[in-house]
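Quick notes on the structure that follows.
The values are calculated or read from the model by the stated rules, or taken from the named source; none is laboratory data. It should be emphasised that the depicted structure is a prediction, and the values quoted were computed from it without experimental measurement. Neighbour counts are summed over all protein chains in view; Cβ atoms, including those assigned to glycine, are modelled from backbone coordinates with ideal geometry.
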Amino acid sequence: MREHTSLWVRIRQAVGHALAIPPSLQLTLEDEQLLARIAAMIVRRGLGAPAIMLLDTVRPLNFVASQFLVFLGPFATILLNPVEYERFTALLEHREAVDVLIKAITDEADRNPSGLGGKAASPPGS
């Protein structure tokens, strides 16, 4: 005998995943090391402040931004490690990873203040 389910129950079962909250991101040690290396690379090039501003700006659109990086993947992996690049784009799909990357950039900039992007102040009289 067939069990009868209401229309509402069938609709909820069919589209319940559409409004589900994704699980929180669980960063592995390798993920944290990858984000720290990326932060160090950004700060070393003096792009700390612009990177933080960009990440804060695109935070609401982090998934779209990560998909744009996937689109750029064939070109970016010519210069970068393909496995790490793929993992980085997967991490950026989560807002928590954007926060971790911003914190890694600020921590690295604290160790290397010249990497925030501004010119170092020259001593008076020079």
**Subset of the range 71-84 (residues that are assigned to a helix (DSSP H, G or I) and under 14 Å from Glu30 (Cβ atoms))** = Val83, Glu84
**Residues being closer than 19 Å to Pro82 by Cα and buried (at least 16 other Cβ atoms within 10 Å of the Cβ) - total across the range 41-68** = 3
**Prompt:** How many residues does the range 47-70 contain that are in contact with a Lys or Arg (Cβ under 7 Å, 6 or more places away or on another chain) and not in a helix (DSSP H, G or I)?
**Reply:** 0
**Message:** For the range 40-62, which positions are polar (S, T, N, Q) and within 14 Å of Val100 (Cβ to Cβ)?
**Reply:** Asn62
**Item:** Residue within the range 29-39 that is surrounded by fewer than 11 Cβ atoms within 10 Å (Cβ to Cβ) and more than 12 Å from Ile105 (Cβ to Cβ) present
**Value:** yes
**Residue that is charged (D, E, K, R), at pLDDT 90 or above, touching a helix residue (DSSP H, G or I) at 6+ places or on another chain (Cβ under 6 Å) and surrounded by 12 or more Cβ atoms within 10 Å (Cβ to Cβ), where the choices are Glu108, Glu93** = Glu108
